[in-house]
1. If we keep just the residues of the stretch 115-137 that are touching an Asp or Glu at 6+ places or on another chain (Cβ under 7 Å) and more than 14 Å from VAL168 (Cα to Cα), which is surrounded by the most Cβ atoms within 10 Å (Cβ to Cβ)?
2. Quick check on my filter: what residues within the stretch 84-105 are within 13 Å of the ligand (Cβ to nearest atom), outside any loop (DSSP other than H, G, I, E, B) and touching a helix residue (DSSP H, G or I) at 6+ places or on another chain (Cβ under 7 Å)?
3. Just give me the residues in the stretch 125-143 being in a loop (DSSP other than H, G, I, E, B) and in contact with a Phe, Trp or Tyr (Cβ under 7 Å, 6 or more places away or on another chain), in sequence order.
4. Any chance you could count how many residues in the stretch 53-94 are closer than 23 Å to HIS4 by Cα and touching a residue at least 12 places away in the same chain (Cβ under 8 Å)?
5. Only helices (runs of 4 or more DSSP H) wholly contained in the stretch 1-77 count here; list those with 1 or more residues that are within 9 Å of the ligand (Cβ to nearest atom) and closer than 25 Å to ARG170 by Cα.
6. Going through the stretch 148-183 one residue at a time, which ones are in a loop (DSSP other than H, G, I, E, B) and not acidic (Asp, Glu)?
7. Tell me which of these ALA122 doesn't satisfy, since it passes every other one: (1) touching a residue at least 12 places away in the same chain (Cβ under 8 Å); (2) outside any helix (DSSP H, G or I).
8. Taking the stretch 27-72 as the region of interest, how many residues are open to solvent by 40 Å² or more (accessible area, probe 1.4 Å), over 15 Å from the mean Cα position of the chain (by Cα) and not hydrophobic (A, V, I, L, M, F, W, C)?
Amino acid sequence: MGFHTYPIDRADALEDPSRYRYCSREELLELLAPTSDAVVADLGSGTGFYSRDVAPCVGTLYAVDVQAAMHERHREAGIPANVEPVTAGIDALPFEDDELDAAFSTMSHHEYAADETMAELARVIRPDGRLVTVDWSADGAGEDGPPIDERFGVDEVVSHLEGAGFAVERAHDRPETLAVLARR
Ligand SMILES: C[S@@+](CC[C@H](N)C(=O)[O-])C[C@H]1O[C@@H](n2cnc3c(N)ncnc32)[C@H](O)[C@@H]1O
């Protein structure tokens, strides 16, 4: 599982507001349902495009990305005071067991999905905590985003999450993307 890592030389595209066509701030916050004191992680945060939408609604937001250069781009865009950049792979998160109240990822799951990363997420998200996954769908038309053969279908994403012990509450397949709400 898991495909190539998004290239830093295409980071500008991650800041394009037309991306809200595929995942809006509104739907992300509705799925995540954060509280103002919640400790939340953005998994594969890139330039922080969605981190900056979620940050005002949580206590602490860890922006996790394996590429330090992405955090540099995030700093240029302006990192809110309650956002802490973390340079790490999802397979080795520097968090205690059950430390996170919730986590989310946007357009990143297809890059990091593996048995090890799913197990690591199950370790760091507290019992009943939410994991929101929004990503390109293998059943999409491929009008934007990665090639179809690098994507997963919604049933595959559900299987990844359930395989690590998450309970899937909602799984939506849309024209080009999928959205899955799971609970640890
Ligand atoms: C397509 S970008 C999406 C960025 C951001 N989520 C957004 O929607 O704007 C995917 C990001 O995931 C990061 N990534 C890929 N594999 C990762 C891994 N195993 N651990 C942590 N970050 C990873 C990449 O470095 C890249 O910044």
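1. Out of the qualifying residues, it is SER137.
2. Listed by number, the residues that qualify are PRO85, THR87, ALA103, PHE104.
3. Step one: list which residues in the stretch 125-143 are in a loop (DSSP other than H, G, I, E, B), which gives 138-143.
Scanning the stretch 125-143 gives a single hit, ALA138.
4. Within the stretch 53-94, the subset closer than 23 Å to HIS4 by Cα is 62-74, 85-94.
Next cut, touching a residue at least 12 places away in the same chain (Cβ under 8 Å) only: 62-71, 73-74, 85-93.
Result for the stretch 53-94: 21.
5. Working: elements: 25-32, 51-54, 68-77.
So the answer is 51-54.
6. Once the filter is applied, which keeps residues that are in a loop (DSSP other than H, G, I, E, B) and not acidic (Asp, Glu), the stretch 148-183 yields ARG151, GLY153, ALA164, GLY165, PHE166, ARG174, PRO175.
7. In the conditions (1) touching a residue at least 12 places away in the same chain (Cβ under 8 Å); (2) outside any helix (DSSP H, G or I), ALA122 misses (2) alone.
8. The qualifying residues number 6.
The values are calculated or read from the model by the stated rules, or taken from the named source; none is laboratory data. In this text the structure is predicted, and so the values were computed from the model without any measurement. Note that each Cβ is placed from the backbone with ideal geometry, even for glycine, and that neighbours are counted across all protein chains shown. Each accessible area value is taken on the protein alone, full model and side chains, heavy atoms only, with ligands, DNA and RNA left out. Shrake-Rupley method; radii C 1.70, N 1.55, O 1.52, S 1.80 Å.
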